[in-house]
Amino acid sequence: TLQRIVSTLVNKNDEIHNFIDMLNHTISNVQVNSSNAISELDEEFDGLYSVLHEMKGSMANTIQQEEARKIQALQDQLSQCSRALESSEELLELAVQSLDIKNPVELLEAARQIKDSVTVASAFRLSLKPKVSDSMTHMMVDFALEKRMLQAVKFLPVPKAPEIDVASCLVADNCITVSWRMPEEDSRIDHFVLEYRKTNFDGLPRLKGEQRWELVDYIKATQYTLSGLKFDTKYMNLRVQACNKAVAGEYSDPVTLETKAFLFSLDSTSSHLNLKVEDTYVEWDPTGGKGQEKIKGKENKNSNTASPKRSTNSPRASARGGRDRFAGESYTVLGDTAVESGQHYWEVRAQKDCKSYSVGVTYRNPGKFDQLGKTNSSWCIHINNWLQTTFSAKHNNKAKTLDIPVPDRIGVYCDFDGGQLSFYNASSKALLHTFRAKFTQPLLPGFMIWCGGLTVSTGLQVPSAVKTLQKSENGLGGSTSSLNNA
């Protein structure tokens, strides 16, 4: 007991020592940060003084220019008056001299000349009112408002937490658009920070077992679109904070948006041995699958360890069902997750040198020698680039030629409940072909390939353009494929 008490005391002493060190470190940080804040304050006021000094010089220069303009105008007027006065004085002197003439004829002539000179004298054309005023009151300034504003200057307040507008948020086309607003107008907001993370739990974020937050910084608007997402979880948590020049505010209340999408990988355990399969990529392997055997052996070696992603209760585990590998000329690999309901979408890109491949769906547990489209339980479109390019839709061993260019990427849309399987140009969303059937069993994505490779993109939502085309096609009673399963 004494040993335990002493051990507890030693631990407590260590905790206190660590706490003292932390306090000393905090004190040092406070001093350093205070010094930095004072330096930044000096810079701000120096900048303000510089602006005021520059404004003072500019306004003083304007006053001096006005002074020079007025003085010049008055001096010009003064010169005119001086010249007129001098002319008038000369006329007066001439008139006084004329009064002494005794000869009436000479007096009359002199009087006539004086009269003519006075009539055109410049003194009578002068305005005896100054052209400009001596007032400079229009150059006065009143800084009363600015003084009150400067006296009201305080440290920047911490911005309030934004509010995410869930009704305006949108999840579509593998993108999430987030909208938010400030609880009150704040002109000092410089930018926003958006954080998000994927989760399989609805509601508020959890403290444990969650992915770390991903950050998007320096957002100037009150809306942002996260694009190019892979929806490999059911939900996404989002939160936003506002930042001014100095400090970031509290985060908004986090919101959780549903990001439901169809996610699957390729099932390497039952694929043909001539196919090399890695998650969402499959490649023709002319060596006979020796490399695949290594992968299989590795999987068998670790088979006693349960994967959290693929529990025995998951649709992926039940999709495989312990079936044999494909063999013969059925160079096939299936997805490991079955479509049992709803509307789903995925895309496929083939390598340019791919000679032959098929993309489609099949019921579970096809025969090991079955090929896509050659049974009544599988549907596909087939591309053959051997010798010449052919493009066709296949079902129940019947083919329909598609007289359209083969796209770089193919989009697959499966409406299980609506009994519809459509293929699209994934880039333009142009419809390539539609099968209509009453699906009676779960469907697995299926792929056949010979010479080349395929990359599958999953975790995608049904694109808005595809939804629009589906509504239009259904509304117009779209064309029914001749290969449909009744």
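The values are calculated or read from the model by the stated rules, or taken from the named source; none is laboratory data. Quantities reported herein were computed from a predicted structural model and do not represent experimental measurements. FYI the Cβ positions are ideal-geometry reconstructions off the backbone, even for glycines, and counts take in every protein chain you see. Note: accessible area is taken over every heavy atom of the protein model, side chains too, but ligands, DNA and RNA are not part of it. Shrake-Rupley method; radii C 1.70, N 1.55, O 1.52, S 1.80 Å.
Provide the solvent-accessible area of residue 230, counting protein heavy atoms only and rolling a 1.4 Å probe, rounded to the nearest 10 Å².
Counting only protein heavy atoms, residue 230 exposes about 80 Å² to solvent.
Select from 63, 168, 248 the residue farthest towards the positive end of the dipole of the chain; place +1 on Cβ of Lys and Arg, -1 on Cβ of Asp and Glu, and compute about the Cα centre.
Checked the options; the winner is 168.
Enumerate by residue number the trypsin sites (Lys or Arg not before Pro) in the range 346-397 meeting two conditions: DSSP loop (anything except H, G, I, E, B), and at most 11 other Cβ atoms within 10 Å of the site's Cβ.
Within the range 346-397, the qualifying trypsin sites (Lys or Arg not before Pro) (loop, at most 11 other Cβ atoms within 10 Å) are 352.
Give the accessible area for residue 255 in Å² (nearest 10); use a 1.4 Å probe, count only protein heavy atoms, and leave out ligands, DNA and RNA.
Solvent-accessible area, nearest 10 Å²: 20 Å².
Taking volume of the Cα convex hull per residue in Å³ as the quantity of interest, determine which of (i) 368; (ii) 225; (iii) 193 was computed from the displayed structure.
Recomputing volume of the Cα convex hull per residue in Å³ here picks out (i).
Quick one: angle between helix 464-475 and the longest Cα principal axis of the chain, in degrees between 0 and 90, rounded to 10, please.
Value to nearest ten degrees: 70.
Along the range 396-403, what does the Karplus equation 6.51 cos²θ - 1.76 cosθ + 1.60 (θ = phi - 60°) give for ³J(HN,Hα), rounded to whole Hz, x for Gly and Pro?
Values per residue, Gly and Pro as x: 6, 6, 10, 10, 10, 5, 9, 8 Hz.
With θ set to phi - 60°, apply the Karplus curve 6.51 cos²θ - 1.76 cosθ + 1.60 along the range 339-352 and write out the HN-Hα couplings as whole Hz, x wherever there is a Gly or Pro.
With coefficients 6.51, -1.76 and 1.60, one gets 8, 10, 5, x, 10, 9, 8, 8, 10, 9, 10, 9, 5, 5 Hz.
Taking all protein chains as present, what is the carbon and sulfur share of the accessible area of the range 163-258, in % to the nearest whole number, probe 1.4 Å?
Roughly 45 percent of what the probe reaches on the range 163-258 is carbon or sulfur.
Convert each backbone phi in the range 24-41 into a coupling constant with the Karplus relation 6.51 cos²θ - 1.76 cosθ + 1.60 (shift: θ = phi - 60°), then list the ³J(HN,Hα) values in order as whole Hz, x for Gly and Pro.
Result, rounded to whole Hz: 4, 5, 5, 4, 4, 5, 4, 5, 5, 5, 5, 4, 5, 5, 5, 4, 5, 5.
Under a cut-off of 17 Å between alpha-carbon atoms, report the aspartates and glutamates in cross-link reach of residue 70, not counting same-chain residues fewer than 8 places apart.
134
Can you list residues from other chains, or at least 5 along the same chain, whose modelled amide H is less than 5 Å from the amide H of residue 346?
Distant-sequence amide H within range of residue 346: 412.
How much net charge surrounds residue 87 when only the other residues with a Cβ under 14 Å from the Cβ of residue 87 are counted, with Lys and Arg +1 and Asp and Glu -1?
In short, -3.
Calculate how steeply helix 290-301 sits against the longest principal axis of the alpha-carbon atoms of the chain, using the helix alpha-carbon long axis, and give the answer as 0 to 90 degrees to the nearest 10.
That works out to roughly 90 degrees.
Given a 1.4 Å probe and heavy atoms of the protein chains only, how would you sort 34, 392, 227, largest accessible area at the top? Display every interim value, and only then the final one.
On the way: 34 55, 392 15, 227 80 Å².
Of 34, 392, 227, the descending order of accessible area is 227, 34, 392.
First check a/c for the range 351-425, with a ≥ b ≥ c the square roots of the eigenvalues of its C-alpha gyration tensor; if it is under 1.5, answer rounded, and if not, answer prolate when a/b is larger than b/c or oblate otherwise.
oblate
With respect to the cross-link table entries 355/400; 394/438; 220/245; 276/352; 230/355, which display a Cα-Cα separation exceeding 21 Å?
Working: 355/400 19 Å; 394/438 16 Å; 220/245 13 Å; 276/352 18 Å; 230/355 29 Å.
Violating the 21 Å limit, Cα to Cα: 230/355.
Under 1.5 on a/c is rounded, so check that first for the range 163-258, then, if it is not, pick prolate when a/b is larger than b/c and oblate when it is not; a ≥ b ≥ c are the square roots of the alpha carbon gyration tensor eigenvalues.
Verdict is prolate for the range 163-258.
Tell me the net charge near residue 76. Cut-off is 12 Å between Cβ atoms, residue 76 excluded, with +1 for each Lys or Arg and -1 for each Asp or Glu.
Net of charged neighbours comes to +4.
Ordering 189, 27 by accessible area with a probe of 1.4 Å, largest first, what comes out?
Highest to lowest solvent-accessible surface, that is 27, 189.
Express in Å², to the nearest 10, the accessible area of residue 414 obtained by rolling a 1.4 Å probe over the protein heavy atoms while all chains stay in place.
0 Å²
Counting only C-alpha contacts under 8 Å and six or more residues apart, can you give the relative contact order of the chain as a whole percent?
12 percent
Please list, in chain and number order, the residues 5+ apart from residue 461 or on another chain whose amide H is under 5 Å from its amide H, with Hs placed from the backbone.
So residue 461 has HN proximity to 174.
Over the range 163-258, what is the mean sequence separation of C-alpha contacts under 8 Å (at least six apart), divided by residue count, expressed as relative contact order in percent? Each step should come with its number before you reach the end.
Values: 193 pairs, mean separation 34.3, N = 96.
Value for the range 163-258: 36 percent.
Starting from the amide H of residue 430, placed 1.01 Å from N in the peptide plane, find each other amide H under 5 Å away whose residue is 5 or more places distant or on another chain.
Result for residue 430 returns 425.
Probe of 1.4 angstrom, ligands and nucleic acids ignored: what's the accessible area per residue over the chain, in square angstrom?
63 Å²
Note the angle between two axes, namely the Cα long axis of helix 104-119 and the longest principal axis of the Cα atoms of the chain, as a number of degrees from 0 to 90, rounded to the nearest 10.
Its long axis makes an angle of about 20 degrees.
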